[in-house]
1. Just wondering, is there one or more residues in the stretch 212-230 that are buried (at least 19 other Cβ atoms within 10 Å of the Cβ), touching a His at 6+ places or on another chain (Cβ under 9 Å) and not in a helix (DSSP H, G or I)?
2. For residues that are open to solvent by less than 50 Å² (accessible area, probe 1.4 Å) and aliphatic (A, V, I, L, M), scanning just the stretch 50-74, find the one that is farthest from residue 5 (Cα to Cα).
3. Return the residues of the stretch 319-371 that are of a type outside the set (Val, Ile, Thr) and not in a helix (DSSP H, G or I); say none if nothing qualifies.
4. Give just the number: which of (1) over 19 Å from the mean Cα position of the chain (by Cα); (2) at pLDDT below 95 does residue 238 not satisfy?
5. Look at residue 131 and say whether it is charged (D, E, K, R) and touching a Gly at 6+ places or on another chain (Cβ under 7 Å).
6. Among the listed residues 135, 220, 150, which satisfies the condition of being within 25 Å of residue 333 (Cβ to Cβ) and among the basic types (Lys, Arg)?
7. Which is open to solvent by 10 Å² or more (accessible area, probe 1.4 Å), under 15 Å from residue 215 (Cα atoms) and not small (Gly, Ala, Ser), of 269, 245, 265?
8. Is the stretch 292-300 home to any residue that is touching a residue at least 12 places away in the same chain (Cβ under 8 Å), part of a helix (DSSP H, G or I), open to solvent by less than 10 Å² (accessible area, probe 1.4 Å) and of a type outside the set (Val, Ile, Thr)?
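The values are calculated or read from the model by the stated rules, or taken from the named source; none is laboratory data. Computed from a predicted structure; not experimentally measured. Neighbour counts run over all protein chains shown; Cβ positions are idealised from the backbone, glycine included. Calculation scope for accessible area: heavy atoms of the full protein, side chains included, ligands and nucleic acids excluded. Shrake-Rupley method; radii C 1.70, N 1.55, O 1.52, S 1.80 Å.
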Amino acid sequence: MELTVLAGPVPRRPDGRVLVAAKTTTGMAAYAEHWPGTVRMVGRPVPSDPSANLDVDWVDPGQLPFALDLADDPVADTLARPGRGVVLAGLDPAHEPLLGGHRPVVLLAENTPANQAAYTLLDGGTTALTRARVRLGAVRRDLRQRAMVRRAAGLQCNGWPTWDRYARGSAAPMLYLDSRIRREQLAAPTAPVADGPLRVAFSGRWLRTKGINTVVAVARECERRRLPVTVELLGSGPEEERVRRDAPDGLRLTGALPFDPDWVRHVSRSVDVMLLPHPQADPSGTYLEALACGAPVLACDNAYARRLIGESRAGWSAPVGDVGALTDRLAALARDRAEIVRARAAGVAFMAEHLFADEFRRRVEHVLALT
């Protein structure tokens, strides 16, 4: 029995090598480990990477721990393929034709249309008419996706915003939290916070949609107030030139680190608080991975972060884009290290219940129950 996973665009070079994110390889390998049959990923070949993903590499498809097929129309390719099995596909109207095929389809939901519209509108450089069209398009997309959920065999929601929006319409929904954390990577929950300046870091793609501009502004405000706080940036991205131009003298630009072991080791040893002021509610794995490494999260009050902090008790939030409120919180934490120790222990305990292997085992069991 085959498990087919619909992927997005897959960059391919003339020599046949493909660009794959380490996170994708890890997840597909987990499917292959737990699934009692062939695991196949289908993607559309493109000449360059449109995603700005971190921790990627050009690899020989034959060396991947799963089968990779490239097709100009992955949906048509999947529909035409004979045999038994299950299809996993993102909750996207482009995948709607799969619901009329001969194999059950489990939809994967990561973002609501409202959140996707927020990405588009964040820069604020659009006209009132364009903004209205974007919002109307989100409403129409939401209606189509609700209909897809009702027709699908099952639904898997990465995080609470999509769960709250779509789970009631599904015959077989499940909630999961997506990270790459293994049990041996969990930080010691009772480790004290180091003396000296409070060590704060941002990690992720350097994009306005991830709040990188807010991080730079917070670092500048910490320096203006002469707070005992250091801020560093992990990752990279399209905003790097602007970040380097606007960065205050004390902002440390560490750059991108491979997740395992470099990022895990660095965050576990050198970060007290992870500053992730995402202005929209994406279910970023960085929130979870930071908690597991003993770095509680200071976030903006978006729907995902608010629910995560409420469930885990492992962080704090401030209004979206409120540089003053975020800086005030860091100032308070610099004075009250016991609050960080409390939040650290809560975060590690929370992530011990949501380890990578356990979440993937649950996800595969959920799909198998629908075959």
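1. no
2. Residues of the stretch 50-74 that are open to solvent by less than 50 Å² (accessible area, probe 1.4 Å), as a first pass: 51-52, 59, 61, 64, 66-68, 71, 74.
After this cut, where a residue has to be aliphatic (A, V, I, L, M) as well, the list is 52, 59, 64, 67-68, 71.
On the way: 52: 21, 59: 19, 64: 14, 67: 10, 68: 10, 71: 13 Å.
The residue in question is 52.
3. Within the stretch 319-371, 319, 321, 322, 336, 353, 354, 355, 369, 370 qualify.
4. Looking at each condition in turn, residue 238 falls short on (1).
5. Criteria not met by residue 131.
6. Numbers: 135 fails: within 25 Å of residue 333 (Cβ to Cβ); 150 fails: within 25 Å of residue 333 (Cβ to Cβ).
Just a single option satisfies the conditions, and that option is 220.
7. Sole residue among the options that is open to solvent by 10 Å² or more (accessible area, probe 1.4 Å), under 15 Å from residue 215 (Cα atoms) and not small (Gly, Ala, Ser): 245.
8. Looking through the stretch 292-300, at least one residue is touching a residue at least 12 places away in the same chain (Cβ under 8 Å), part of a helix (DSSP H, G or I), open to solvent by less than 10 Å² (accessible area, probe 1.4 Å) and of a type outside the set (Val, Ile, Thr).
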